[in-house]
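Worksheet: the structure to be examined is printed underneath.
Just so you know, all these numbers are worked out from the coordinates, no wet-lab data involved. Just so it is clear, the model here is predicted, and its values are computed rather than measured. We place every Cβ from the backbone using ideal geometry, glycine too, and count neighbours over all the protein chains shown.
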Amino acid sequence: MSPPTSDLFSVETIPGAGRGILASRDIPQDTTVLTSKPPAAHVLFREYRKEVCAQCFLYDRGRTLRVKDHDTGKVFCSASCQQKWVDHTGELGDGAWQDLHHFIQARSKGTKDTSGISLTDHRPDVGEIDGRWSQAKPEADVRMRKAIDGASRPTGRKQTKAAVASSTIDPDILGYLLSGILAHHQQPNQWREDVLALAMHEEPYTTTHDLEAHCTSFVQLSSIMPVELHESCTIEVCRALAAVSSHNAFGIRSGSEDGEEYMGYALYPSASYFNHSCDPNLAKQRVGNAWRFWVVRDVQQGEELCISYLGGDEKDLNLRQRRAHLREVWGFACECARCRREATSSHDAG
Ligand SMILES: C[S@@+](CC[C@H](N)C(=O)[O-])C[C@H]1O[C@@H](n2cnc3c(N)ncnc32)[C@H](O)[C@@H]1O
């Protein structure tokens with residue numbers, strides 16, 4: 001599937017911006033150009049776990065949602081959303097979420113998780129990243145072997161879980177990785193085609209603490225995952241999930257406006273080829289756990305279809321501020337038509 005195909009657009013190389021989406025014919029205003037599939041990985045932050053529907057991401061002004069699954073810790077806005085989640089997740093996935101929930105609960109008693117800790121730290125380079133992941137591999141292999149042995153002995157799983165009790169936990173990273181591992185397990189070839197084709201950040205971890213948290217989470221998942229998921233709980237999958245998230249993740253927010261509560265983030269491979277423009281011709285709206293994109297004005301054949309990566313008041317920033325913000329948050333120098341036009345006119349004027 002990836003990159004996406006349509007009779008309305010094609011994915012092409014865009015000078016200065018990697019790949020992007022070009023209209024392959026004139027498209028009238030308000031036409032829907034893409035509706036994404038559900039995410040290939042996502043996380044709802046732990047602080048929102050009682051307030052956001054695990055299936056459709058509905059948030060009801062901070063109210064605790066009424067349908068709760070005590071075994072997985074997930075909440076739903078309705079019994080029908082819960083049923084959809086169960087149908088999609090399957091028995092194996094449900095079991096994996098239960099294992100993770102019990103692991104987090106057991107580990108949260110008496111010890112603090114690491115997700116809120118802020119350390120003065122540096123961004124690890126490729127060498128540090130490779131080094132830390134190669135340490136994680138043998139640790140994970142040992143845990144998986146113990147889990148396989150334990151699966152044939154009733155006390156084995158407990159022993160394995162006890163073995164990782166000494167390290168800290170990051171429930172958000174654990175949840176993000178598990179959702180990606182389960183998506184990979186359901187359709188490994190499709191997942192590879194979709195996710196590995198996305199733009200990757202070579203140095204995606206903002207701090208060494210963040211890198212450590214990802215490697216530790218991978219090792220912890222290796223111990224608690226059902227044996228049937230071992231083929232998807234790999235370094236390749238977990239590293240890819242981190243590497244693609246910084247360039248491609250969409251925020252899960254409480255409403256359609258970008259400025260609202262930031263409740264988590266999700267990966268939508270088919271929607272990840274839209275470049276940014278400071279004068280976008282596309283709007284987007286989250287519909288449940290998917291996204292719809294439509295053109296906000298008539299678009300001509302050959303025009304690039306772009307969304308805005310800026311949210312709320314950021315849209316009102318001037319050229320210098322927009323470019324600085326996009327560089328800081330997204331890591332790219334904006335080359336959209338509006339920025340190029342404004343840069344030329346300010347250069348001419350000055
Ligand atoms: C979600 S991806 C978009 C697809 C991407 N161009 C690709 O080749 O896969 C976001 C990345 O595209 C590039 N990009 C998007 N909009 C851009 C712009 N206006 N100017 C320069 N680069 C841009 C940046 O590298 C950014 O991190």
With 10 Å bins from 0: P(r) over region 41-248, alpha-carbon pairs, percent: 8, 33, 38, 19, 2
Which residues qualify? For L305, with a placed amide H closer than 5 Å and at least 5 residues away or on another chain, they are I21, L22, A23
What do you get for the angle between helix 337-349 and the principal long axis of the chain? Use alpha-carbon atoms, 0 to 90 degrees, nearest ten. 50 degrees
If I take the Cα coordinates of the chain and project them onto the principal axes, what are the three extents in Å, biggest first? 73, 47, 37
Most to least packed among 167-178, 187-198 [average Cβ atoms within 10 Å]: 167-178, 187-198
Okay, helix-only estimate at 222 nm for the chain: each DSSP H run of n ≥ 4 adds -39500 (n - 2.57), divide by all residues, round to 500 deg cm²/dmol; what do you get? -13500 deg cm²/dmol
State, as an integer percentage, the relative contact order of region 41-248 based on alpha-carbon contacts under 8 Å between residues 6 or more apart. 26 percent
Once phi is turned into ³J(HN,Hα) by the Karplus curve 6.51 cos²θ - 1.76 cosθ + 1.60 with θ = phi - 60°, what whole-Hz value does each residue of region 316-325 show in order, with x for glycine and proline? 8, 5, 7, 3, 5, 5, 4, 5, 5, 5
The set of residues whose placed amide H lies less than 5 Å from the amide H of V299, leaving out same-chain residues fewer than 5 positions away, is I27, Q29
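If contacts are Cα pairs under 8 angstrom and at least 6 residues apart, what is the relative contact order of the chain in percent? All intermediate terms of the calculation are to be shown ahead of the outcome.
On the way: 575 pairs, mean separation 94.4, N = 350.
Once normalised by length, the contact order is 27 percent.
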When every alpha-carbon pair in region 206-350 is counted, what percent end up more than 18 Å apart? 67 percent
Could you tell me how many degrees, from 0 to 90 and to the nearest 10, lie between the Cα long axis of helix 235-248 and the main elongation axis, the longest principal axis, of the Cα atoms of the chain? 30 degrees
For T32 and S346 in one chain, what is 0.36 nm times their gap in residues minus the Cα-Cα distance, to one decimal in nm? 109.5 nm
Which length gain, in nm to one decimal place, applies between D141 and D87 when the Cα-Cα distance is subtracted from 0.36 nm times their residue separation? 16.3 nm
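Would you mind calculating the relative contact order of region 212-350 from Cα pairs under 8 angstrom and at least 6 residues apart, reporting the percent as a whole number?
Working: 131 pairs, mean separation 24.1, N = 139.
Relative CO of region 212-350 lands at 17 percent.
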Pick from A23, A337, A96 the residue whose mean-square fluctuation is largest in a GNM of the chain, springs joining Cα atoms under 10 Å. A337
Cα-derived Rg over Rh, computed across region 268-337 with Rh taken as Kirkwood radius: 0.97
Vicinal HN-Hα couplings computed from phi for region 84-90 (Karplus, 6.51 cos²θ - 1.76 cosθ + 1.60; Hz; Gly/Pro x): 4, 4, 4, 4, 6, 6, x
Among I148, I21, which comes first, second and so on when ranked by fewest other beta-carbon atoms within 10 Å? I148, I21
